[in-house]
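These notes concern the structure reproduced below.
Throughout, read-outs are computed from the coordinates displayed, never taken from laboratory work. Being a predicted model, the structure only gives us computed values, none of them experimental. Using ideal geometry, Cβ is built from the backbone for each residue, glycine included, and neighbour counts are taken over all protein chains shown.
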Amino acid sequence: MPELPEVETIARELCAGLCGRRITACAVNRPASVETGAPALSRAAFKREIPGLVVAKVWRRAKILIMDLVADGGECAGASTISAPGCASGNRDKGDVRRARSVPGREPGIGVTPPEDSSSKTAAAKASSAAGKTSAAEAPSNVVLHLAVRLGMSGRLWLTAPDSAPEKHTHLAFDLDDGRRLLFIDPRTFGNVRAVPGGRLDAWDAFAALGPEPLEIGPAEFAACFAGRSGKMKALLLDQHRVAGVGNIYADESLFRAGIRPEARADKISEPRLRRLHAALQEVLREAIAENGSSIRDYRDAHGDSGAFQNTFRAYGRAGQPCTVCGTKMTKATVAGRTTSYCRKCQK
């Protein structure tokens, strides 16, 4: 399932191709792919209201990709995410993203040094996180609709050339004023798209319940999310109400770098170690974004290309292989119903 880095990559790439473009037609080939229920539009309104609107902004919240649609072109806001200011830029094109693939100076291992946490940084992080859950989700007054896409297990958004034939399992198609099409393709049908009236995203229960963004939250606030909790660390990391956007891959990778066992109880982990996990998680997510995400089975970006972060996994999917730090055979376990890989020696 696409996680934060994969959705971030798609948002960046779609921005370059979509912002300022008018949607001229909307085809719904599988009605069940259009999610309804307040505050989302009905399926009939979805098909009726979207044509004629212009894509003004493409952004991400957790694992949800959102396109802001306006009635006229105006000034394109470009790509933006709630997390990591400067992480996405409306001026970044496909080539810019791919040139960032290599991360120099990274040695295999789990040595992550948490950043200093001065009072000014803590205050800024708290203010930023608060904005992420409230004001950042509020739309400018000219936004007519938010088109919110959840990719599920196999969903992807593909921006095609005018002469491209739709792929099998194309459930939604949006024609653009330059002749291209934006396709929502989802073989396993776990994904969906919903249209939410401008400024009403927080009326969508699933959106409003999301926790803070991991690239935005400060180390002290991050540690507070887990302090005193009796749950297993990996299970809590996967809880979207606690920290939004982290899935199986990046939970395994960040816990490995932080030296924390996935099955460890959160209330047994000291605050310094939780701060170490915060630093590791941010490091992993930023590296994965630079590599355009991870392609295991279905994930492809908006141009149909694979990610590359899977080539540098240190934990995920490596059960039975030697640890990249100590050489011990990696252990396989199940935590929160998810297959998990970790090192018995390096992770405590």
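Restricting to Cα pairs below 8 Å that are 6+ residues apart, what does the relative contact order work out to for the range 141-298? Please round to a whole percent.
Working: 227 pairs, mean separation 32.3, N = 158.
Normalised by residue count, the contact order of the range 141-298 is 20 percent.
Loop-only check: which GluC sites (Glu not before Pro) in the range 160-228 are DSSP coil with at most 14 other Cβ within 10 angstrom? Taking the range 160-228 and a limit of 14 other Cβ atoms within 10 Å, the loop GluC sites (Glu not before Pro) found are 167.
What FRET efficiency comes out for residue 241 versus residue 142 if R0 is 30 angstrom and r is the Cβ-Cβ distance? Round to the nearest 0.05. In this case the efficiency is close to 0.45.
The value obtained for the range 219-342, namely the Cα convex hull volume divided by the number of residues, is 109 Å³ per residue.
List the relative contact order of the range 219-342 as a percent without decimals, with contacts defined as Cα pairs under 8 Å and 6+ residues apart. Please report the intermediate quantities before stating the final value.
Details: 185 pairs, mean separation 30.2, N = 124.
Value for the range 219-342: 24 percent.
Sorting 281-294, 174-187, 29-42 by their mean Cβ neighbour count within 10 Å, with the most densely packed peptide first, gives 281-294, 174-187, 29-42.
Positive end of the dipole of the range 219-342 (Cβ unit charges, origin at the Cα centre): among 285, 258, 331, the Cα lying farthest that way belongs to 331.
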